[in-house]
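Just below is one structure, and these are the notes that go with it.
Values quoted throughout were computed directly from the atomic coordinates according to the rules given, and no laboratory measurement underlies them. Note that the structure is predicted; figures quoted are calculated from it, not measured. Methodologically, a virtual Cβ is constructed for each residue, glycine included, from the backbone with ideal geometry; neighbour enumeration extends over all protein chains shown.
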């Protein structure tokens, strides 16, 4: 039998669909529904661009602060700087956990931002020693927290996604405290 190419394609597509329906029925699924079933998947296309950009920026920045602080906890010459670094590891570690959960629920892939943050600035800072290290670390913390504070305030005031806006509001006081502490340490460090 010599069928035209279009007929063969239609036959192949029909067989493939029949197989998919049969396989899904055997696994207990509803073959007629191809829409995502989880709330996170439903939110994937609904997160406003600005809110998603905030989540990605926080993922990068907060992970950078943890990476730099891990380095500072062992390499800083000042005990005050080491103590601050330990606080950053603890507080931003908790924030990163909250953010990962939020990103997962909103189907936002933060893995690239996290990886970038964990590397950003670490090599340059690791080459410094003593008071030079402390000054460079604190300069990074001041700059990072100034930017982070600005982003958290903006999201808290103007965010469109209620969950992401709530995350910003819930963590704003901690970020403000970090920013104030980083500024005071930078001013006190010779």
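Sorted by packing (mean other beta-carbon atoms within 10 Å per residue), highest first, where do 182-190, 83-91 land? Don't skip to the answer; put the middle values down first.
Values: 182-190: 14.6, 83-91: 18.8.
Highest to lowest by the protection proxy: 83-91, 182-190.
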For this session: Starting from the eigenvalues of the Cα gyration tensor, five times each then square-rooted, give me the equivalent ellipsoid semi-axes of the stretch 127-190, largest first, whole Å.
Result: 30, 10, 8
Problem set entry | Length-normalised contact order of the stretch 40-188 in % [C-alpha pairs under 8 Å, at least 6 apart] | 31
For this session: Fewest Cβ neighbours within 10 Å first, please rank 157, 65, 176 accordingly.
Result: 157, 176, 65
Problem set entry | Extension gain from residue 158 to residue 183, taking 0.36 nm per residue of separation minus the Cα-Cα distance | 6.4 nm
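Could you please tell me the mean projected area of the C-alpha convex hull for the stretch 40-188, averaged over all directions and given in square nanometres to one decimal?
Numbers: hull surface 31.7 nm².
Taking the Cα atoms of the stretch 40-188, their convex hull projects to 7.9 nm² on average.
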